[in-house]
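Worksheet: the structure to be examined is printed underneath.
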Amino acid sequence: MDVKRKVDIIRVDPDDWPAGTPAGKAPDPDLGHEIIPAERYYSEAFMKLEWDRIWSKVWLLGARSDDLPEPGDYVCTDIGKESVLLVRQADGSIRAFPNLCLHRGNRLRPEGRGNVEKFRCLYHHWTYGLDGCLERIPDLDTFPQGAPPQGGLPAYPCTEWGSFVWFSLNPDVEPLERYLDPMPAHLDPYHVERMAWTRDITVEWDCNWKTSVDAFNESYHVQGIHPQLQWYLDDVNIQIDCYDRHSRYLIPFATISPRVAMPSAIPPAIYEIMVKAGMDPAEYDSGVGSIRRDVQLFKRKHGKAQGKDYSELNDDQLTDDYHYLIFPNVSLNVHADDVMMFRQRPHATDPNKMYYDIWMFELVAEGEEWPERPQHRGFRHGDKTIGQVLDQDAFNLPTVQRGMHSDAFKGLWLGEQELRIRHFHKVIDDFVYGPDGRQPGDI
């Protein structure tokens, strides 16, 4: 089968796009065809380079803003060897500090969220204010050298965007708006602040963090591990866009993959899309190939009456999956009515392990009561299901990671459908090696 065969996918004319998410095709970068070295997935030396030149230099996703509504609310989040406290201040701002006591290095709080008036170390009761200032040292007179000269915890850059809190371990990091560009223009029209938490899970996976990012950066795998999705989406006729650091693909939903025959009856997954939109599939008398466009038109017509404002989204966004990668480690499946956000964090010491955070949000219709925020749950891969599709995605990752170690495997052999993976590794190279390429002693 020729996978480039086109199907009848109706896309919105560029002249009809609202002043919202840019939907035009970005030029494909010329990134060559060299293999991506396998060693970078398991090498401790490369892991250190990533820490020194990526994780400690870029902006990182830390928390949802509505988890810190009041002064004293905090979220403690871990990234690699570091643990960071994100704290709402009395003036409404959020500040970020290392999660440790300056006395003997004890962690002030476990990973999670809570509310405090002050941070008091449970070891010797050194006490810090919400602003990180050191307020009390018991028996200070027994320290001939006095209190630590900095007067408190050093502050990390920290700000909010898109209803989320972002921080950096780099005191000289560029402004967040510049780092994220062009993501705000793409994602702001979805208004994630109108969406409520529906899921908050962390799974420990036996693979490198990049193995996970790669897995969600292409649709080539749908035919292999998600065969049921071929009656739900078009995994062939997708639009891939690579930007400076970030990337996306646009994949049509509520339609059928050209890899399978067009069914005569409405597939269950598309049936559910219609029901969620407010349509009655039993009354639908057009062909399956027309459903995607008809769902778009129905949602455009009835969204306002349902309490859902789609005015900043183009028609394709009312059905399709706009999938983004915010470098280095945030993947988003963005839809008009929900967002699936995945944070892929490196293990502190082992390049063959990582943490996979699943954050899901659902649009709340205007006037409806917000559901209670779900409790965070954490477990190892295989201990519990994370849903059919994500279980399928996760199934191969440990064996992929083990295969990377083989002397017979030199690296990734990528095709055109995997352009985003090649672009992702190009950005890694830009950070790790710089514009002049590898330095002496580099991996």
Of all residues in the stretch 291-312, how many are in a helix (DSSP H, G or I), surrounded by 14 or more Cβ atoms within 10 Å (Cβ to Cβ) and either hydroxyl-bearing (Ser, Thr, Tyr) or free of Cβ contacts under 8 Å to residues at least 24 places away in the same chain (or both)? 4
Does the stretch 245-261 hold any residues that are of a type in the set (Ser, Thr, Tyr) and more than 14 Å from Asp235 (Cα to Cα), and which are they? Ser247
Matching entry among Asp235, Asp294 (being closer than 26 Å to Gln392 by Cβ and either among the charged types (D, E, K, R) or within 25 Å of the chain's Cα centre (by Cα) (or both)): Asp235
Taking the stretch 248-290 as the search range and keeping residues that are in contact (Cβ under 8 Å) with a residue 40 or more places away in the chain and more than 26 Å from the chain's Cα centre (by Cα), which one is farthest from His221 (Cα to Cα)? Gly289
Criterion (of a type in the set (Asp, Glu) and not assigned by TED's automatic domain parsing to the domain that holds Ile386) met by exactly one of Glu204, Glu218, Glu193, Glu135: Glu135
Please tell me if Gly434 is within 19 Å of Ile238 (Cβ to Cβ) and not aliphatic (A, V, I, L, M). no
What are the residues in the stretch 133-156 that are in a loop (DSSP other than H, G, I, E, B), buried (at least 18 other Cβ atoms within 10 Å of the Cβ) and touching a Leu at 6+ places or on another chain (Cβ under 8 Å), if any? Leu153
Would you be able to say whether some residue in the stretch 320-334 is in a loop (DSSP other than H, G, I, E, B), buried (at least 23 other Cβ atoms within 10 Å of the Cβ) and of a type in the set (S, T, N, Q)? yes
Residue satisfying condition, being on the phi < 0 side of the Ramachandran plot and either crowded, with 21+ Cβ neighbours inside 10 Å or modelled with pLDDT under 95 (or both), within set Ile270, Ile266: Ile270
Sole miss for Leu390 among (1) closer than 23 Å to Ala336 by Cβ; (2) at pLDDT 95 or above; (3) surrounded by 13 or more Cβ atoms within 10 Å (Cβ to Cβ) is condition (2)
Among what's in the stretch 407-432 and is in a loop (DSSP other than H, G, I, E, B) and touching a residue at least 24 places away in the same chain (Cβ under 8 Å), pick the residue that is nearest to Ala26 (Cα to Cα). Gly415
Could you pull out the residue among Leu229, Leu250 that is in contact with an Asp or Glu (Cβ under 8 Å, 6 or more places away or on another chain), at pLDDT 95 or above and surrounded by fewer than 22 Cβ atoms within 10 Å (Cβ to Cβ)? Leu250
Confirm whether Asp131 is farther than 26 Å from Thr202 by Cβ and within 35 Å of the chain's Cα centre (by Cα). yes
Taking the stretch 338-366 on its own, how many of its residues are assigned to a loop (DSSP other than H, G, I, E, B) and either touching a helix residue (DSSP H, G or I) at 6+ places or on another chain (Cβ under 7 Å) or at pLDDT below 95 (or both)? 3
Would you say Glu372 is within 30 Å of Lys299 (Cα to Cα), among the acidic types (Asp, Glu), touching a residue at least 24 places away in the same chain (Cβ under 8 Å) and not in a helix (DSSP H, G or I)? no
Take the conditions hydrophobic (A, V, I, L, M, F, W, C), part of a loop (DSSP other than H, G, I, E, B) and within 28 Å of Gln89 (Cα to Cα) and apply them to Val236. Does it pass? no
Residue selected from the stretch 417-435 under the condition more than 16 Å from His33 (Cβ to Cβ) and out of contact with any His (no Cβ under 9 Å at 6 or more places or on another chain), by the criterion surrounded by the fewest Cβ atoms within 10 Å (Cβ to Cβ): Pro435
Which pairs do you get when a residue that is of a type in the set (S, T, N, Q), found in the stretch 31-45, comes within reach of a residue that is in a loop (DSSP other than H, G, I, E, B), reach meaning Cβ atoms under 8 angstrom, with the pair 6+ apart or on two chains? Ser43/Pro351; Ser43/Ile443
Scan (1) in contact with a Pro (Cβ under 8 Å, 6 or more places away or on another chain); (2) modelled with pLDDT under 95 for the single condition Arg292 breaks and write down its number. (2)
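The values are calculated or read from the model by the stated rules, or taken from the named source; none is laboratory data. Model, not experiment: these values are computed from the prediction. Cβ sites come from the backbone with ideal geometry, for glycine too, and all protein chains shown count toward neighbours.
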